[in-house]
Amino acid sequence: MRVIQDRPGEVRKIPGITRKGDNGLVNYNLNQGGVMYRYLKTSQVGSSIWVEIYNPPVNFLTTEITEELFNLIKDVEKDTSIRVFILTGGVEDNYIMHFSIPELAKISPGNEKLKMNKVIKYRLGSFILKYLTTFNNALMDLSPWYEEFSLTQAKRLAAYSSSLFLWLQMHRLYLAIERMNKVTIAAINGPCNGGGTEISACFDFRFMIGDQEFTIGQPECLIGIIPGGGNTQRLPRLIGRVAALELMLKGNQLSPEEAKRLGLITNTFKKKDFQKKVQEFADLMSKRPPVAIDAIKKSVNYGMDTTLRHGLSIEMEQSIRCFDTEDTKKAMKEYIKIIQDKIDVPQERRASQKEILDILENAKLVEKFNGR
């Protein structure tokens, strides 16, 4: 059973995730596949699912958490009752401090065991490693079976060398967040650094508490490493090359308002209103047709990584997909009726553009997604 809290004081249960005991950690069990979640707590409000990371004292991100999130996302993608996915911190005033340093400290000996540190010292070896990794990621994109196989093999190898599984699981999680067929929101309710900033960059929207002196940053450079979870690539796409370089090379902290001005944060809210404001935005997004949401996200995400010429082809592909669904066909017919009743009439009875948009907002022409 999944614990669902619609409003304070009211909890109902639906099939899905069950609490498993009270041992100081929030333990939930996903019935499908029997997966145990040690660090995640979920609650569904309307069409939104809130996922809280609970790893006291300050929510350090770990490989185990990335693995749990990845498995949860795969399950949520299949749930048509969920339209919006929200990630937040389950420890008071803590979002994600950064990635676990003890885990990162294992990367060097892990690389040495696999001879990866020696391979990259040679141009040919470096070239082969990079393109094998790229090819492997492409295969995982094409085949869910191969993705599961690769992650399983890397996890088995982790007992000998953990570095490969750490990178592979982290990269696949972050790509899974970007590619979700839901609207995704990072609800940053505390300090956010390193891996916390990297995972947040994968979400469609990022909201942050703005009145508690929480900060956000990318300080890896200060200890001699780089943002190795993808933000050397995502930050320039998100806030521009110069701003991204400055943030990563300085390793400094940004206030929520500074981060908002850069485009790193979508908006900020006061702590007392934070959950309410995020939920209001989520409720608005949940009214949007799922087929259009998924198609727009695919067009933007895949189109940004290619040429304009190919991006337009991706857009056409997704447009064809939208027009081929029963939802869109029905919505078009309903909208034609609205046009006939409200626009193709004498001037004195004609609705304004705002009135038409209000009608479309409230009409819910597409209630659910029947299509692929």
FRET efficiency estimate (nearest 0.05) - Cβ-Cβ, Asp358 to Ile320, R0 35 angstrom: 0.75
I'd like the Karplus ³J(HN,Hα) series for segment 272-289: coefficients 6.51, -1.76, 1.60, θ = phi - 60°, whole numbers in Hz, and an x wherever there's a Gly or Pro. 5, 9, 4, 4, 5, 5, 4, 5, 4, 5, 4, 4, 5, 5, 5, 7, 7, x
Using only helices, what value at 222 nm comes out for the chain when you add -39,500 (n - 2.57) per DSSP H run of length 4 or more and divide by the total residues, to the nearest 500 deg cm²/dmol? -15500 deg cm²/dmol
Compute a Gaussian network model of the chain, connecting alpha carbons closer than 10 Å, and tell me which residue from Leu164, Leu247, Leu124 fluctuates the most. Leu124
Take the residue pairs Lys298/Lys329; Lys272/Lys297; Lys115/Lys155 and return only those whose Cα atoms are more than 24 Å apart. Lys272/Lys297
Any idea what angle helix 353-363 forms with the longest principal axis of the chain, computed on alpha-carbon atoms, 0 to 90 degrees, nearest 10? 70
In sequence order, what are the phi-derived ³J(HN,Hα) couplings for segment 326-335 according to the Karplus relation 6.51 cos²θ - 1.76 cosθ + 1.60 with θ = phi - 60°, rounded to whole Hz, with x for glycine and proline? 4, 4, 5, 4, 5, 4, 4, 4, 5, 5
Counting DSSP beta bridges with both partners in the chain, what percentage is antiparallel, nearest 5? 50
Hey, can you grab everything whose amide H is under 5 Å from the amide H of Ile265? Only 5+ residues off in sequence or another chain; H modelled, so Pro and N-termini drop out. Lys260
For a 21 Å ceiling on Cα separation, which of these pairs sit above it: Lys130/Lys182; Lys287/Lys330; Lys118/Lys250; Lys277/Lys354? Lys130/Lys182; Lys118/Lys250; Lys277/Lys354
Which is farthest toward the positive dipole end of segment 107-161 among Tyr122, Leu142, Asn111, measuring Cα position about the Cα centre, with Cβ charges +1 (Lys, Arg) and -1 (Asp, Glu)? Tyr122
May I ask for the angle, rounded to the nearest 10°, between helix 308-323 and the longest principal axis of the chain, with both axes built from Cα atoms and the value confined to 0 to 90°? 50
Which one, Leu166, Leu61, Leu104, has the greatest fluctuation when you compute a Gaussian network model over the chain with C-alpha springs under 10 angstrom? Leu104
Express in nm, to one decimal, how much length is gained between Thr80 and Leu139 on full extension, taking 0.36 nm for each residue of separation and deducting their alpha carbon distance. 18.5 nm
State the extension gain, in nm to one decimal, for the chain segment bounded by Asp341 and Ser108, taking 0.36 nm per residue of separation less the distance between their alpha-carbons. 77.0 nm
Any idea what the dipole of the chain comes to, in debye rounded to 20, about its Cα centre with Lys/Arg Cβ at +1 and Asp/Glu Cβ at -1? 600
Just to be sure I understand: with springs between alpha-carbon atoms less than 10 Å apart, which residue in Lys297, Lys271, Lys118 has the highest mean-square fluctuation in the Gaussian network model of the chain? Lys118
Rounded to the nearest 10, the angle in degrees between the Cα long axis of helix 123-142 and the longest principal axis of the Cα atoms of the chain comes to 40
For Gly89, what residues show an amide H to amide H distance below 5 Å, using hydrogens built from the backbone and excluding near sequence neighbours? Ile53, Asn189
Between Arg38 and Lys121, what's the calculated FRET efficiency when r is the beta-carbon distance and R0 is 35 Å? Round to 0.05. 0.35
Two pseudo-spin positions, 7 Å from Cα along C-beta at Lys271 and at Gln233, lie apart in nanometres by 3.7
Where the Cα atoms of the chain are projected onto their three principal axes, how long is each span, largest first, in whole Å? 77, 53, 43
What is the magnitude of the charge dipole of segment 290-363 about its Cα centre, with +1 placed on the Cβ of each Lys and Arg, -1 on the Cβ of each Asp and Glu, and no other charges, expressed in debye to the nearest 20? 100
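Values in this text are rule-based calculations from the coordinates and carry no lab data. Model, not experiment: these values are computed from the prediction. In this analysis, Cβ positions are derived from the backbone assuming ideal geometry, glycine residues included, and neighbour counts consider all displayed protein chains.
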